[in-house]
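Have a look at the structure below before the remarks.
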Amino acid sequence: MTDDVAVLGAGMHPWGKWGRGFVEYGVAAARAALADAGVDWREVGSIVGADTVRGGYPGYVAGATFAKALGWQGARVTSVYAACASGAQAVSAARAQILSGLADVVLVVGADSAPKGFFRPAGGDRPDDPDWLRFRVLGATNPTYFGLYARRRMAVHGDTVEDFAQVKVKNAASGALNPNARYRKRVTAEEVAASAVVADPLRLLDICATSDGGAALVLSSMEFARRRGAPDPVRIRAVSTVSPRYPRTVLDLPDIATDSAVAVEPPAETFRTSIARVAYEEAGVGPEDLSLAEVYDLSTALELQWYEDLGLCSEGEAAKLLREGATAPGGRIPVNVSGGLASFGEAVPAQAIAQVCELTWQLRGDAGDRQVPGARVGITANQGLFGHGSSVIAVR
Amino acid sequence: MVSGWFAGDGNDFRLLGTRCSACASVFFPREDAHCRNPGCPGGELAEVALSGRGRVWSYTDSRYRPPSPYVTDPELSWEPRALIAVELAAERIVVLGQSVPGVTVADLTVGMEVEVVPGVLNEDAGTTWTTWHWRPTGVTA
Ligand SMILES: [Zn+2]
């Protein structure tokens, strides 16, 4: 277990398809987080940017891009890329700097202007890039992988497409209450069933869209928080950024094949399970302590997978947990009360940060209509392309 | 584009991977630089033909035309292709591939036996790009 860091401020730019540059969203989110923290930008000792790779040249140096836009003031600067886990790695870098005494207060920012339609690799012929190869050789988009997982769950655990649709119904109902969400309309199971199949058995409303958006956090040492009159702030107690262990036997983005288990027995736990376990161990809490969870519902079926990987229920029991209402608002362990990616869509460098923003507001009791009463412990979970794991546990 | 990933004709068509001489780990797509088993001292990586048959781990399809670098003719209407992840028992590996043309998700079940067959990824006036396809055993189309 490591020491806590304080979350002094959280901010977002609302998500949608706004058609502007990612810097604008990031700066808006950063200013909102600084205002929320009551911290002047010139007091910030370090800025960590989560990179977008589709925004052109400035995306690769997101930390400096945001620092320039906010006004150069000499802060330490870091830029992080870890695909969907970029935001969590940015939080991790910020936390490490605070705990090591390199900085007292750190601004973490992620933002993106997403392209329309499927994500795809950068241009050019690049046969040494697994991400390029899966598109070129197989036409395998992200939703095709989600479709494979969904079909596998149906075959192994007996999940149904109606179960998957109920995840969308649940998350859309929460998203309708969230002013930062892109989609703010309730969805019915009939509407999910009537939407077009994208990757069998998943339909358009089972799969998250691509979006523009931004999210930011102001993190500080506990000592700095006390000095600023915040003796009892939301605290980050764990950040898990583990990688998989060989042999990785679940086919995953962007790979064409799994590792072979012919020479080494597979680990007892899957990669996603290990992401959560490391977070729980670091925080000294377990699934029974959680008040809420924010997980990557890239597809509705994938949210069910996370229930099991987070230990909210045993393997194969996720659909049952959903049907019981345990993961809905008012249930034993509400999942994605923010509305999740179902309501936000993907703004890759921002979304893991946005998950921590939601925990922060929930743990403060500031989440308005979507507040989980008495929330004390929250977890986020996601996973980035190429084996980036990420989970954050925050407490009050 | 993917030279050395498969070889052979007709019934002899096989996916090609590599096998580590020190720990026997198998790699597909082929790994020619270093064995990726973290506990392996590192051995020579020799080419190995993978099993020709396996069982369906899962399957899906693409109802929308995938973006580039996938190559399709935008003049033609899009025909969804099934994608099948296949478990090869001897190698204890799962390999993703397209189904043979004409086999759709309605023809597939998890656990079904499939075999690897030569296929065409794309053709233009001068070149034919070959690939591998999975075909349910017993289907000859
Ligand atoms: Zn080896």
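The values are calculated or read from the model by the stated rules, or taken from the named source; none is laboratory data. Just so you know, these numbers come straight off a predicted model, no measurement behind them. Cβ: placed from backbone, ideal geometry, glycine included. Neighbour counts: every protein chain shown.
For this structure, a couple of remarks:
- Verdict on B:Arg36 being free of Cβ contacts under 8 Å to residues at least 24 places away in the same chain, facing chain A (nearest Cβ under 9 Å) and not β-branched (Val, Ile, Thr): yes
- From A:Thr249, A:Thr270, A:Thr327, residue being within 14 Å of chain B (Cβ to nearest Cβ), of a type in the set (Ser, Thr, Tyr), more than 16 Å from the ligand (Cβ to nearest atom) and in contact with a strand residue (DSSP E or B) (Cβ under 8 Å, 6 or more places away or on another chain): A:Thr249
- The range A:187-203 residues that are without any contact (Cβ under 8 Å) to a residue 40 or more places away in the chain and more than 14 Å from chain B (Cβ to nearest Cβ), paired with ones that are surrounded by fewer than 18 Cβ atoms within 10 Å (Cβ to Cβ) and not β-branched (Val, Ile, Thr) (beta carbon under 7 Å, 6 or more apart): A:Ala189/A:Glu162
- Condition broken by A:Trp306, with the remaining ones in (1) in a loop (DSSP other than H, G, I, E, B); (2) at pLDDT 95 or above satisfied: (1)
- Residue match in the range A:168-180 (condition: β-branched (Val, Ile, Thr), touching a residue at least 40 places away in the same chain (Cβ under 8 Å) and not in a loop (DSSP other than H, G, I, E, B)): no
- Only residues that are more than 13 Å from chain A (Cβ to nearest Cβ) and surrounded by fewer than 23 Cβ atoms within 10 Å (Cβ to Cβ) were counted in the range B:104-117, giving 3.
- Taken over the range A:245-257, the residue count meeting the criterion of being surrounded by fewer than 21 Cβ atoms within 10 Å (Cβ to Cβ) and under 20 Å from the mean Cα position of the chain (by Cα) is 2.
- Matching residues, the range A:382-396, being under 21 Å from A:Val109 (Cβ atoms) and either among the small types (Gly, Ala, Ser) or crowded, with 24+ Cβ neighbours inside 10 Å (or both): A:Asn382, A:Gly384, A:Ser390, A:Ser391, A:Val392, A:Ala394
- Tallying residues that are among the charged types (D, E, K, R), within 27 Å of B:Arg135 (Cβ to Cβ) and either near the ligand (Cβ under 10 Å from one of its atoms) or within 13 Å of the chain's Cα centre (by Cα) (or both) within the range B:26-54 yields 3.
- Residues of the range B:1-25 satisfying the condition of being within 16 Å of the ligand (Cβ to nearest atom) and among the hydroxyl-bearing types (Ser, Thr, Tyr): B:Thr18, B:Ser21, B:Ser25
The rows are residues; the columns are (1) buried (at least 22 other Cβ atoms within 10 Å of the Cβ); (2) more than 9 Å from every other protein chain (Cβ to nearest Cβ).
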{"site": "B:Phe13", "(1), (2)": "no, yes"}
{"site": "B:Tyr59", "(1), (2)": "yes, no"}
{"site": "B:Ala90", "(1), (2)": "no, no"}
{"site": "B:Val95", "(1), (2)": "yes, no"}
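- Checked against (1) without any contact (Cβ under 8 Å) to a residue 24 or more places away in the chain; (2) surrounded by 14 or more Cβ atoms within 10 Å (Cβ to Cβ), B:Leu50 passes all but a single condition, namely (1).
- The combined condition, being at the interface with chain B (Cβ under 10 Å from one of its Cβ atoms), in contact with a helix residue (DSSP H, G or I) (Cβ under 7 Å, 6 or more places away or on another chain) and not in a helix (DSSP H, G or I), is not fulfilled by A:Arg153.
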